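Just so it is clear, none of the values below were taken in a lab; they were calculated from the coordinates. This one's a predicted model, so the numbers in the text were calculated from it and none came from an experiment. FYI the Cβ positions are ideal-geometry reconstructions off the backbone, even for glycines, and counts take in every protein chain you see.
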Amino acid sequence: MLLQEKREELIAVAQQIQKDKLVPLTFGNFSLRDFETGYVCITPSGMLYDQLKPEDIVVVDVDGNHVDGDRLPSIEKDLHCAVFRKRPEIGAVVHTHSTFVTTWACCNKEIPTIVAEVAALVKGKIKCAPYALCGSQELAAVTAEYLKEDDAILMANHGVLVVGDSIQRAYINAVIVEEGAKVAFYAEQLGGMYVFTPEECETERLSANAGYGQR
Ligand SMILES: [Zn+2]
């Protein structure tokens with residue numbers, strides 16, 4: 001099977017994301033890029049994550065053309081491919097409707113960056129791309145455009161898109177962004193929060209890349 005290990009990796013992360021309650025039912029969609037072939041493995045449309053098998057994952061090229069798999073890909077295939085084309089260095093895209101990020105997105109509000117883990121992912125704030133219809137070319141274009149060099153972007157009245165160099169990293173970033181959105185939500189009730197500047201975010205990014213975790 002083409003890219004079997006990658007498909008299995010994608011399914012494992014999709015199931016973990018659901019266990020973490022970042023997506024109910026079949027909400028959200030996930031993809032990873034195989035840097036060797038340039039192909040993208042993406043979750044199928046409308047299938048329960050806990051029942052996915054490797055053959056259910058769809059393989060497309062970076063322009064969204066079908067390469068392998070009998071299932072229909074996620075309706076957000078064009079969104080994932082647009083982000084992969086715009087950001088050649090990234091290896092995975094995670095799109096969720098997790099509660100706190102979606103709450104901010106439904107108010108069309110950028111999320112102030114007030115925790116260090118989020119500061120390492122975005123410059124200043126988690127920005128919000130304008131609303132466009134689910135699964136549309138317009139949504140793909142506007143979300144990829146607003147993402148710029150950040151690793152997370154809100155999608156107005158919809159959810160969030162998070163990227164990473166691997167599917168593991170994109171998953172971790174999605175958890176960080178949801179936690180950051182939750183903390184910012186509560187901090188706003190309390191008042192007086194300190195928001196990281198873009199420069200402080202850059203310092204946090206460099207520090208996170210250099211020092212955290214096991215060698
Ligand atoms: Zn969605």
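For the reader, a short list of remarks on this structure follows.
- Seen against the Cα atoms of the chain and their longest principal axis, helix 137-147 is set at about 40 degrees.
- 0 to 90° range, to nearest 10: angle between helix 4-19 axis and the chain longest Cα axis: 40
- Note: relative contact order over the chain, using C-alpha pairs below 8 Å and six or more positions apart, is 20 percent.
- Computed across the chain, the Kirkwood hydrodynamic radius from all distinct Cα-Cα pairs reaches 17.2 Å.
- Computed E for residue 36/residue 65 - FRET, C-beta separation, R0 22 angstrom, nearest 0.05: 0.80
- Partners for residue 182 among lysines (Cα-Cα distance below 24 Å; same-chain residues under 8 apart left out): 19, 21, 109, 123, 125, 127, 148
- Value of [θ]222 nm, deg cm²/dmol, for the chain, DSSP H segments ≥ 4, -39500 (n - 2.57) each, nearest 500: -12500 deg cm²/dmol
- Residues listed by number, segment 107-127, amide nitrogen under 19 Å from residue 207 label point at 7 Å toward C-beta: 112-126
- Sorted largest first, extent of segment 1-90 alpha carbons per principal axis (Å): 29, 27, 20
- Nearby aspartates and glutamates by direct alpha-carbon distance to residue 6 (threshold 12 angstrom, same-chain neighbours under 8 apart not counted): 34, 36, 55
- FRET efficiency for residue 107 and residue 138, using Cβ-Cβ distance with R0 set to 22 Å, rounded to 0.05: 0.55
- Taking 155, 47, 193 in turn, the Gaussian network model of the chain (Cα-Cα springs below 10 Å) assigns the largest fluctuation to 193.
- Dipole-positive endmost among 79, 186, 141 within the chain (Cβ charges, Cα centre): 186
- Relative contact order of segment 82-129, defined on C-alpha pairs under 8 angstrom at six or more residues apart (%): 28
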